[in-house]
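Novice: One structure, pasted below without further comment.
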Amino acid sequence: MVFKYNGVNVSFKVYGKSSLVPCLLLHGWGGSGEVFNDLIARFPDRQFIVIDFPPFGKSQNTIEDWNIFTYASLVMSLCEHLKISRCDLLGHSFGGRVAVLVAALKKSMVRSCVLVDAAGLKPRHSAKYYYKLYKYKLCRYLGFYVKNAGSEDYQKLSPEMQKIFVAIVNQYLDEYCCNISCKTLIIFGKNDRDTPPYMAKRFNKLIRNSRLVILEDAGHYSFLDSPMLFYMNLTNFWEEL
């Protein structure tokens with residue numbers, strides 16, 4: 001199915017039978033809703049709504065001037081379009097950023113939130129990082145081209161998407177976490193290098209009514225790396241709602 005949001009075609013799918021509280025699954029940067037196929041299969045009695053965030057998956061592959069608030073507004077607008085007044089959220093990595101904002105800004109709509117290896121908090125940076133940053137800025141100021149500047153994710157993007165990516169990663173959501181009141185499950189992999197466990201602990205500290213689970217033998221895709229423990233914790237959390 002396709003939802004038109006601000007002139008952009010957004011692909012989404014609805015799985016499972018109708019339920020009073022559907023769950024929206026929000027994927028990570030550069031991915032698509034297909035990453036949740038196994039999760040959907042494990043919960044046949046639930047209804048899931050899976051969005052392909054533009055420009056990824058089957059959604060329109062060109063967007064301009066989007067930021068994290070645009071993506072959150074997209075989710076809220078789709079819920080309004082589908083006449084969803086109450087839902088659960090599950091967001092992985094970048095999708096966790098979106099989930100945080102939706103849960104903070106639309107409290108009455110969100111019953112629960114699951115943050116899986118979520119991004120969005122201000123990271124700790126080493127002296128090496130700041131050295132590279134200021135070296136890059138100095139070279140740019142002096143008019144020199146800097147090859148391979150930025151992360152691997154950044155380098156793969158078009159110039160327009162690089163602007164969007166920078167706007168997103170520089171928008172820290174710490175203050176919005178304090179405004180989340182729904183029950184929240186935070187699941188991170190212990191070996192996650194993209195969003196390290198210290199971020200999970202900070203999420204847990206900032207979000208009241210939250211529960212923290214660190215999976216020992218998992219990385220940034222904890223739900224794929226350690227599925228048995230992941231789904232056990234997710235099942236228990238949903239059964240308590």
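The values are calculated or read from the model by the stated rules, or taken from the named source; none is laboratory data. No experiment lies behind these values; they were computed from the predicted model shown. Every residue, glycine as well, gets a Cβ built from its backbone with ideal geometry; the counts of neighbours run over all protein chains shown.
Novice: Right, Met199: in a helix (DSSP H, G or I), assigned by TED's automatic domain parsing to the domain that holds Phe36 and either in contact (Cβ under 8 Å) with a residue 40 or more places away in the chain or touching a Cys at 6+ places or on another chain (Cβ under 6 Å) (or both) or not?
Specialist: Against the criterion (in a helix (DSSP H, G or I), assigned by TED's automatic domain parsing to the domain that holds Phe36 and either in contact (Cβ under 8 Å) with a residue 40 or more places away in the chain or touching a Cys at 6+ places or on another chain (Cβ under 6 Å) (or both)), Met199 qualifies.
Novice: Pull out all pairs, ordered by first then second residue, where Cβ-Cβ is under 7 Å, the residues are six or more apart or on different chains, the first lies in segment 88-107 and is assigned by TED's automatic domain parsing to the domain that holds Trp66, and the second is crowded, with 24+ Cβ neighbours inside 10 Å and basic (Lys, Arg).
Specialist: Between residues of segment 88-107 that are assigned by TED's automatic domain parsing to the domain that holds Trp66 and residues that are crowded, with 24+ Cβ neighbours inside 10 Å and basic (Lys, Arg), there is no close pair.
Novice: Tally the residues that are surrounded by fewer than 22 Cβ atoms within 10 Å (Cβ to Cβ) and not in a loop (DSSP other than H, G, I, E, B), restricting the search to segment 13-24.
Specialist: Qualifying residue count for the region: 3.
Novice: Do you know which residues across segment 202-239 are among the hydroxyl-bearing types (Ser, Thr, Tyr) and assigned to a loop (DSSP other than H, G, I, E, B)?
Specialist: Tyr221, Ser226
Novice: So which of Gly30, Gly16 ends up being farther than 21 Å from Phe237 by Cα and in the same structural domain as Met109 (by TED's automatic domain parsing)?
Specialist: Gly30
Novice: Can you report the number of residues in segment 151-171 which are surrounded by 14 or more Cβ atoms within 10 Å (Cβ to Cβ) and either part of a loop (DSSP other than H, G, I, E, B) or among the aromatic types (Phe, Trp, Tyr) (or both)?
Specialist: Count: 4.
Novice: Would you be able to say whether some residue in segment 59-68 is aliphatic (A, V, I, L, M) and in contact with a Pro (Cβ under 8 Å, 6 or more places away or on another chain)?
Specialist: yes
Novice: Is at least one residue of segment 198-218 surrounded by 16 or more Cβ atoms within 10 Å (Cβ to Cβ), farther than 24 Å from Val110 by Cα and touching a Phe, Trp or Tyr at 6+ places or on another chain (Cβ under 6 Å)?
Specialist: Checked segment 198-218: no residue is surrounded by 16 or more Cβ atoms within 10 Å (Cβ to Cβ), farther than 24 Å from Val110 by Cα and touching a Phe, Trp or Tyr at 6+ places or on another chain (Cβ under 6 Å).
Novice: Kindly list, by first and then second residue, each pair from a residue in segment 5-27 that is under 14 Å from Leu78 (Cβ atoms) to a residue that is of a type in the set (Asp, Glu), limited to pairs with Cβ atoms under 6 Å and residues at least 6 apart or on different chains.
Specialist: The qualifying pairs are Ser11/Asp52; Cys23/Asp88.
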